[in-house]
Protein chains: 2
Amino acid sequence: MQTPSRSVAVVLFPDFELLDVFGPLEMYGMAPETFHLHLVAEKAGPVASRQGPISVAERAFAENRQYDLLLVPGGQGTRTEVDNPVILDWLAAQAGRAEYVCSVCTGSALLARAGLLDGVRATTNKMAFAWVAAQREQVKWEKEARWVEDGRFFTSSGVSAGMDMSLAMIARILDQQTAEQFACWAEYEWHQDAGWDPFARIHGLV
Amino acid sequence: MQTPSRSVAVVLFPDFELLDVFGPLEMYGMAPETFHLHLVAEKAGPVASRQGPISVAERAFAENRQYDLLLVPGGQGTRTEVDNPVILDWLAAQAGRAEYVCSVCTGSALLARAGLLDGVRATTNKMAFAWVAAQREQVKWEKEARWVEDGRFFTSSGVSAGMDMSLAMIARILDQQTAEQFACWAEYEWHQDAGWDPFARIHGLV
């Protein structure tokens, strides 16, 4: 039986972090028959990353389509977006209907501020941990984790961790062997252990 | 003494591979005072990746600016671009003046076809090795390497290897400690050994 396809919305906002977005998309992009990828932003059109390069949001929040998998990246822009009701309201509305809700790096600050992670185990970037955790104390923030799975919520640590988490999601939706195959195609050494996190220690969290 | 800044041209073409471009840009983007990043293509404007998401080339080849560091990604699009004289001529002209010329994955096929790698030690994606090597027999193709440095030419293995190579370039231009710091900020486990290459064996090359 073929796995049903999933629409994936990757949220863009000004000053998003490049690898938070394109690391996961590299992995999901290996199964185009399963994952239909969409860059979505407050307005459709060009959005500049924190590093400068510009990507194009194909769809606007206001189109109000429904997505099966939400992915929220981090980046310097999250410092502004945590106070932007447009993105928080959209995330809250979408998350109610999505099968999976994911974040990379400080993207979990947006999920937290949208009220989506109350009582949920979650993690974030280890260098920005204190700031993110202060956004919402009702979240069960975990200091040492490459990524955390709690039901339909997948939250990863900083930047590169989004690739490891996305491969875990691919293993969940498709299967382990396929996820390992995708990592191999990308010549990527997948950290399959969600507890692997040398960066928590480096940043004095444990 | 402050390190002089470098202009970095990352070449885009239709069906480029996302992580080949944005993995390296994540790393170079951590030193904006040193690396000035530009996406450059045959025509300025939107360019669709192999995975679908669109990025914006800020500059066109015809502007004929000079860049200090060239980075050529791979992706399905290289199969077409190896026969495109516009990109090959531009690479040849630029490479004559550039301080460093780099490729990720099958991007080395374009450097090879532009005649830039004759007598140079180089590598490429391990799954596509036979196709790339057949593009130009005058290149000293290396079957087992995460990346290869030969003078001012840096060529990496497939997709993820571009991040390891780019950190090595950052260590060359800035210093080792800074490159390690950037890997840590990205929560990236940098493979610092250019000879690390389990994928050569997986794909039957050694």
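Worth pointing out:
- Filter result for residue B:151 (within 12 Å of another protein chain (Cβ to nearest Cβ) and either surrounded by 24 or more Cβ atoms within 10 Å (Cβ to Cβ) or over 25 Å from residue B:84 (Cβ atoms) (or both)): no
- All conditions but one from (1) touching a Leu at 6+ places or on another chain (Cβ under 9 Å); (2) among the aliphatic types (A, V, I, L, M); (3) away from every other protein chain (no Cβ under 14 Å) apply to residue B:163; the one that does not is (3).
- When residues of the range B:21-72 are limited to those that are among the charged types (D, E, K, R) and more than 10 Å from chain A (Cβ to nearest Cβ), the one surrounded by the fewest Cβ atoms within 10 Å (Cβ to Cβ): B:33
- When restricted to residues that are within 14 Å of chain B (Cβ to nearest Cβ) and touching a Ser or Thr at 6+ places or on another chain (Cβ under 6 Å), the range A:73-93 contains 1.
- Tally, over the range B:138-148, of residues that are more than 18 Å from residue B:180 (Cβ to Cβ) and under 12 Å from the mean Cα position of the chain (by Cα): 1
- Residues located in the range B:182-200, provided they are without any contact (Cβ under 8 Å) to a residue 40 or more places away in the chain and exposed (fewer than 15 other Cβ atoms within 10 Å of the Cβ): B:198
- Residues in the range B:169-206 that are under 17 Å from the mean Cα position of the chain (by Cα) and within 21 Å of residue B:129 (Cβ to Cβ): B:191, B:194.
- Selection status of residue B:43, touching a residue at least 60 places away in the same chain (Cβ under 8 Å) and among the basic types (Lys, Arg): no
- Test for residue A:3: is it buried (at least 22 other Cβ atoms within 10 Å of the Cβ), of a type outside the set (A, V, I, L, M), more than 9 Å from chain B (Cβ to nearest Cβ) and in contact (Cβ under 8 Å) with a residue 12 or more places away in the chain: no
Throughout, read-outs are computed from the coordinates displayed, never taken from laboratory work. This one's a predicted model, so the numbers in the text were calculated from it and none came from an experiment. So basically every Cβ, Gly included, is an ideal-geometry build from the backbone, and we count neighbours across all protein chains shown.
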